[in-house]
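Asker: The structure is given below, and queries will be raised subsequently.
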Amino acid sequence: MKGKLEIAIKEIAQVVKGKDEIIEKVIAAILAGGHVLLEDIPGVGKTTLAMSIAKTLSMDYNRVQFTPDVLPSDIMGFSMYNAKTGEFEYREGSAFCNLFLADEINRTSPKTQSALLEIMEEKHVTVDAVTRELPEPFAVIATENPLGSSGTQMLPESQLDRFMVCLSMGYPSHESAIEILKGQEFKPISHVKAVLTREDLLGLQEKANSLEVHESIFDYIVSLTEATRESEYFSLGASPRGSIALLRMSRAVAVLRGREYVTPEDIGFIYTDVLAHRVRLGTKAKANGLDTKAALTEVRKSVKLPRT
């Protein structure tokens, strides 16, 4: 199965140039059963990445462009009166898919953002007191423009905490930008092929969820999150949900790399991506000129590596 995952990454990399590490982390988050927040400026390929991954992993996807007039019912569905039958009939919302792409999530109203909380945490929707399960597998990939862009507003901490990882693609390198120009008309997203079946993906998710973890790795993960709460660099540390996300992501990375166990290197690979959006920088870090990821790196250095 590792071979198929490698082929999937190469397939996506034909369209999303020079971002192999980001591709790996997004796929790992899906294997871990989590959700992804892509935070970056417009035009660097966030939407293209999400759509390419959906096609490669054989996931049915729906895309919603979030604007101030998008309503919760657009996502969750609604009941409509049928004059012929004299009854109300439920119409599914756009969340009923395998991969829900929430484009520019921070441009919509808080009420619509809050509609995603139940979807992301419980993977079902409740409309008119009736709960309906979403298809399996299910994941949300949301894109977010930097705060300060026209029409944007901050996501609440409860919303941010639902995302397993927060990633930033950044500008492509000079060489990758040239490849993008050369390959744009020859490698459009329509040429991306499905590599894994939905059954393959569910099997990989089950494997990642049950992968063996040594006792010292559990201790190391908890120590890492506790260190963020004890550090003077942060005014708000990571919650136990952060520890769970680190565990699930590190298991998925191990599966992605074809191993049957988790190593400290797996945790290090996704450490800042899992915790950066769950903590708040303190005055000491700002005074020392550290951003969130740099402060997390300093905290990680203070935690003793496990001996497995």
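The values are calculated or read from the model by the stated rules, or taken from the named source; none is laboratory data. The model shown is predicted, which means the values in this text are computed figures rather than measured ones. All Cβ positions, even for glycine, are placed from backbone atoms using ideal geometry, and neighbour counts span all protein chains on display.
Asker: How many residues, within segment 239-257, are closer than 12 Å to A208 by Cα and in a helix (DSSP H, G or I)?
Answerer: Of the residues in that region, 10 qualify.
Asker: To continue, here is another question. So, of the residues in segment 1-60 that are over 21 Å from A245 (Cβ atoms) and free of Cβ contacts under 8 Å to residues at least 12 places away in the same chain, which turns out to be nearest to the chain's Cα centre (by Cα)?
Answerer: The residue in question is D20.
Asker: Here's something else I'd like to know. Check every one of the strands (runs of 3 or more DSSP E) wholly within segment 2-103 and list those with 2 or more residues that are at pLDDT 90 or above and of a type in the set (A, V, I, L, M).
Answerer: Because the criterion is at least 2 residues that are at pLDDT 90 or above and of a type in the set (A, V, I, L, M), the strands (runs of 3 or more DSSP E) in segment 2-103 that meet it are 36-39, 99-103.
Asker: Moving on to the next point. Would you be able to say whether some residue in segment 159-174 is closer than 28 Å to D266 by Cβ, assigned to a helix (DSSP H, G or I) and either at pLDDT 80 or above or not hydrophobic (A, V, I, L, M, F, W, C) (or both)?
Answerer: Within segment 159-174 (the criterion being closer than 28 Å to D266 by Cβ, assigned to a helix (DSSP H, G or I) and either at pLDDT 80 or above or not hydrophobic (A, V, I, L, M, F, W, C) (or both)), the answer is yes, since at least one residue qualifies.
Asker: Looking at segment 280-292, can you tell me whether even one residue there is loosely packed, with under 15 Cβ neighbours inside 10 Å, touching a Pro at 6+ places or on another chain (Cβ under 9 Å) and of a type in the set (A, V, I, L, M, F, W, C)?
Answerer: The answer is no, given that none of the residues of segment 280-292 is loosely packed, with under 15 Cβ neighbours inside 10 Å, touching a Pro at 6+ places or on another chain (Cβ under 9 Å) and of a type in the set (A, V, I, L, M, F, W, C).
Asker: So, one more: Checking P72 against (1) surrounded by fewer than 14 Cβ atoms within 10 Å (Cβ to Cβ); (2) touching a helix residue (DSSP H, G or I) at 6+ places or on another chain (Cβ under 6 Å), which single condition isn't satisfied?
Answerer: (1)
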